[in-house]
Amino acid sequence: VDLGPDILICEEQQATLVADVNPGADSWEWSTGETTPAITVDPAVTTTYMVTVTNNGCTDADTITVQVQANTIDPNAGQDEVICDGLSVQLNGQGGGPGALYEWSNGDTGSSTNVTPDVTTIYTLTITEGVCSGTDEVEVSVTPNPVADAGPDVSICDGASADLEATGGVQGS
């Protein structure tokens, strides 16, 4: 029987352990009490598992250690942003340790990215450290630029007044 090399998983993940037996076996007994050729485990801490295989009265055993990496990743892609059409904004992510890899859904790598979306877009930040990873999203909303119109040109006599009316904006802004 051969369980293969030791396995490294992130905490709260599962691992499937398979007792590779050639040419076959009559029975399997795992240290967990299970009696199938393969088991799924989700240890909270590094744990060694053993399987004993019986075939025609002969037995063999193997062990495998499932190492558990603590997940210290807490991804934060930043606050949602609102920009005017045609402008860009820098998104700043955080939440990984010193060896963490940052990747944005637009393909940029690193903890920050500059974006100039044409329409409202959600950007996803994935942070990976060892076998652990986590994601967070940030939305960049694009508002159309106002079209200002001060009205037609007006000619007046010296000392006279004219009423002017502008359109295209929002009152009070």
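Since every read-out is calculated from the coordinates, none of them should be taken as a lab result. Please read these numbers as outputs of a predicted model, since none were measured by experiment. Neighbour counts are summed over all protein chains in view; Cβ atoms, including those assigned to glycine, are modelled from backbone coordinates with ideal geometry.
For a quick check, take a GNM of the chain with Cα springs below 10 Å and name the residue from Asp153, Asp74, Asp20 with the largest mean-square fluctuation.
Fluctuation is largest for Asp153.
Can you give the Rg/Rh ratio of segment 1-58, where Rg is from the C-alpha atoms and Rh is the Kirkwood radius? Can you show the working numbers first?
Working: Rg = 12.1 Å, Rh = 12.2 Å.
Expressed as Rg/Rh, it is 0.99.
For a paramagnetic label modelled at 7 Å from the Cα of Glu81 toward its Cβ, which residues of segment 110-137 fall within the zone defined by backbone nitrogen distances under 17 Å?
Residues 110-126, 136-137 fall inside that zone.
Roughly how big is segment 1-103's charge dipole about its Cα centre, with Cβ charges of +1 (Lys, Arg) and -1 (Asp, Glu), in debye to the nearest 20? Don't skip to the end; give the middle numbers.
Values: 0 positive and 16 negative charges, 31 e Å.
Its charge dipole is roughly 140 debye.
I'd like to know which of Pro75, Leu8, Thr65 lies farthest towards the positive end of the charge dipole of the chain, counting +1 on Cβ of Lys and Arg and -1 on Cβ of Asp and Glu.
Of Pro75, Leu8, Thr65, it is Thr65.
Looking at segment 93-140, I'd like the Rg to Rh ratio, where Rg is from alpha-carbon atoms and Rh is Kirkwood's inverse mean 1/r. List each step's numbers first, then the result.
On the way: Rg = 11.1 Å, Rh = 11.2 Å.
Reported Rg/Rh (Cα atoms, Kirkwood Rh): 0.99.
Could you work out the relative contact order of segment 1-144, using alpha carbon pairs under 8 angstrom and six or more residues apart, expressed as a whole percent? Can you show the working numbers first?
On the way: 331 pairs, mean separation 31.6, N = 144.
Worked out over segment 1-144, it gives 22 percent.
For the peptides 113-125, 24-36, what is the packing order when you average, over each peptide's residues, the other Cβ atoms within 10 Å and list the highest mean first?
113-125, 24-36
Would you compute, for the Cα atoms of segment 75-173, the largest minus smallest coordinate along each principal axis and list the three values in descending order, in whole Å?
That works out to 78, 19, 17 Å along the principal axes.
How long is the gain from Asp163 to Ser27 if the chain were fully straight, where each residue apart is worth 0.36 nm and the alpha carbon distance is subtracted? Provide the component values of the computation, followed by the final result.
Details: separation 136, 0.36 × 136 = 48.96 nm, distance 9.62 nm.
Taking Asp163 through Ser27 to full extension adds about 39.3 nm, to one decimal.
Show log10 I(q)/I(0) for the chain at q = 0.14, 0.15, 0.20 Å⁻¹, two decimals, from a solvent-free Debye sum over equal Cα scatterers.
Cα-only, vacuum Debye calculation for the chain: -0.85, -0.89, -1.16.
Would you please give the FRET efficiency between Gln13 and Asp74, computed as 1/(1 + (r/R0)^6) with r the Cβ-Cβ distance and R0 = 22 Å, to the nearest 0.05?
Details: r = 17 Å, r/R0 = 0.77.
In this case the efficiency is close to 0.85.
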